[in-house]
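Each remark here refers to the structure printed beneath this line.
Derivation of every value follows stated rules applied to the coordinates shown; laboratory data play no part. Predicted model only: the values in this text are computed from it and were never measured. Because the Cβ atoms are built from the backbone with ideal geometry, glycine has one as well, and the counts that use them run over all protein chains shown.
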């Protein structure tokens, strides 16, 4: 399903603060992801990048501000967490893993049918795992397992796709293949947002970037965001983090997007 710029809603962050145990992990971030955009979220370790994605998909509550999903149902948002958050020891086959992409629409007891199974098989072929359907997920290499999870996202057919560090510990060929899939989604006018660490990759493949250091450093075209000045600002923000700070409130910190 391709979407058009007129039907793909933007996701807007309005003064968003997200906390862990009332300590802010993301402070008062405002901005919007344009319909059909391809955006990298970058920043130091512990900068709140993963936290922000989890809040956007509804897995973490917003302590202050709001996230406007433009009328999107949660079924319209696909989320791929970090590999470390996925238990690959669970006894499930590759095809069963991919079929889970239908779950949000079919429900726990919904009937998937031949069309759904065919879509899962086609998704596996698209990521280079044709013939792996009956293999246990636990037997796959890291790269193969990530391909299977990308196939699950393909099956989900979402209008917005959130990817948390999707290329960690992958070989160059797998990264190239999965980057091509991101470009395909972008060409279909889906909104794609990925947490990444490799600035060179971001510069080559992502038109937009969000630079986060718990607070917003910058948001916009990638060449304007990934500057030496912003890297210095992010480093200074990271050095000033107080892990025991009280929850701040709207108006305490200002930023622009």
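Counting DSSP beta bridges in the chain, what percent are antiparallel, to the nearest 5? Each step should come with its number before you reach the end.
Numbers: 18 of 35 bridges.
That works out to approximately 50 percent antiparallel.
What is the gain in length, in nm to one decimal, between residue 34 and residue 73 on full extension, counting 0.36 nm per residue of separation less the C-alpha to C-alpha distance? Present the calculation step by step, with values, prior to reporting the outcome.
Values: separation 39, 0.36 × 39 = 14.04 nm, distance 1.71 nm.
Taking 0.36 nm per residue and subtracting the Cα distance, the gain is 12.3 nm.
Contact order normalised by length for the chain, with contacts defined as Cα pairs under 8 Å and 6 or more residues apart; what percent is it?
On the way: 484 pairs, mean separation 76.7, N = 257.
Computed value for the chain: 30 percent relative contact order.
Taking R0 as 25 Å, what FRET efficiency do you get between residue 135 and residue 197 from their Cβ-Cβ distance, rounded to the nearest 0.05? If you can, show how the numbers build up before the last one.
On the way: r = 30 Å, r/R0 = 1.19.
Calculated value: 0.25.
What percentage of all Cα-Cα pairs in the range 159-244 are separated by more than 21 Å? Can you show the working numbers first?
Numbers: 1352 of 3655 pairs.
Tail fraction, whole percent: 37.
Rounded if a/c is under 1.5, else prolate if a/b beats b/c, else oblate: with a ≥ b ≥ c from the C-alpha gyration tensor eigenvalues square-rooted, which is the range 178-223?
On the way: a/c = 2.13, a/b = 1.73, b/c = 1.23.
Because a/c hits 1.5 or more and a/b exceeds b/c, the range 178-223 counts as prolate.
Across 10 Å bins from the origin, how do the percents of Cα pairs in the range 15-77 run, short distances first?
Final binned percentages: 20, 55, 24, 1.
Hey, quick one: spin label on residue 117, modelled 7 Å out along Cα-Cβ, who in the range 136-153 has an amide N within reach, i.e. under 19 Å?
136-137, 152
When a/c reaches 1.5 or more, the comparison of a/b and b/c decides; with that in mind, is the range 67-172 rounded, prolate or oblate per its Cα gyration tensor?
On the way: a/c = 1.76, a/b = 1.17, b/c = 1.50.
It comes out oblate by the Cα gyration axes.
Cα axis of helix 228-239 to longest principal axis of the chain: angle in degrees, 0 to 90, nearest 10?
80
Roughly what angle does helix 113-126 make with the longest principal axis of the chain, taking Cα atoms, 0 to 90 degrees, to the nearest 10?
70
Angle between the Cα long axis of helix 142-156 and the longest principal axis of the chain, 0 to 90 degrees, nearest 10?
Its long axis makes an angle of about 90 degrees.
Calculate for the chain the 222 nm mean residue ellipticity that helices alone would give, adding -39,500 (n - 2.57) per DSSP H run of length 4 or more and normalising by residue count, nearest 500 deg cm²/dmol. It would help to have the intermediate numbers written out before the result.
On the way: 9 runs with 86 residues, N = 257.
Rounded to the nearest 500, the figure is -9500 deg cm²/dmol.
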